[in-house]
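The structure under discussion appears below in the form of structure tokens.
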Amino acid sequence: MIKLILAVGAGSFLGGIARFLLSKSINAVSVFAFPLATFVVNILGCFAIGFFSGMALHSSQINETWRLFLTVGFCGGFTTFSTFANENLNLLQNDHIVGFALYAALSLFVGIIAVYLGNLLSSNIFK
């Protein structure tokens, strides 16, 4: 059990660092009021968890420890629902109703599509 806890912790550590660096890079060039950095991070995380889940399902080389490291750890540390919720609240509080609606709807819709595409890709690679 300790091995699994350490795997999840290490994945979370690396995912959090990756999120921080990618978000800083996107925010440095973004000119939109739309929370683009969190949107991109969360969509990439959706694609990644779909890919890793499919890989674990179709590849005998991915054991439970690696599956947990990649999905629960890395993807869990990389993506951020709390920031997504806070940014939606900020959009609402600043009367950006259209921005709120687009951000919430696109995040959900594109996120599910990204999970599906990641899973589909890994299913084709690891048959």
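The values are calculated or read from the model by the stated rules, or taken from the named source; none is laboratory data. As the structure is a computational prediction, the values presented were derived from the model and not from experiment. When we count neighbours, we look across all protein chains shown, and the Cβ atoms used for this are built from the backbone with ideal geometry, even at glycine. Heavy atoms of the whole protein, side chains included, go into the accessibility calculation; ligands, DNA and RNA do not. Shrake-Rupley method; radii C 1.70, N 1.55, O 1.52, S 1.80 Å.
Annotations
- Axis angle, to the nearest 10 degrees, between helix 97-125 and the longest C-alpha principal axis of the chain: 20 degrees.
- Sequence ranges 49-57, 94-102, ranked by mean other-Cβ count within 10 angstrom, highest first: 49-57, 94-102
- V72, V110, V41, V31, ranked by accessible area, largest first (probe 1.4 Å): V31, V72, V110, V41
- Here the simple spin-label model places points 7 Å from the Cα toward Cβ, and for D95 and I26 these points are separated by 2.8 nm.
- Counting all C-alpha pairs of the chain, share separated by more than 17 Å (%): 61
- Highest-MSF residue in the chain out of T65, T80, T38 [GNM, Cα springs under 10 Å]: T65
- Fully extending the segment from A33 to S82 would add 15.8 nm, taking 0.36 nm per residue of separation and subtracting the current Cα-Cα distance.
- Taking 0.36 nm per residue of separation and subtracting the Cα-Cα distance, full extension of the segment from F109 to L4 would add 34.6 nm.
- Each residue of region 28-38 was assigned a 3J(HN,Hα) from its phi angle through the Karplus curve 6.51 cos²θ - 1.76 cosθ + 1.60 (θ = phi - 60°); the sequence is 5, 10, 7, 10, 9, 6, 5, x, 4, 4, 5 Hz, with glycine and proline shown as x.
- Per residue, in Å², the accessible surface of the chain once ligands and nucleic acids are set aside, probe 1.4 Å: 61
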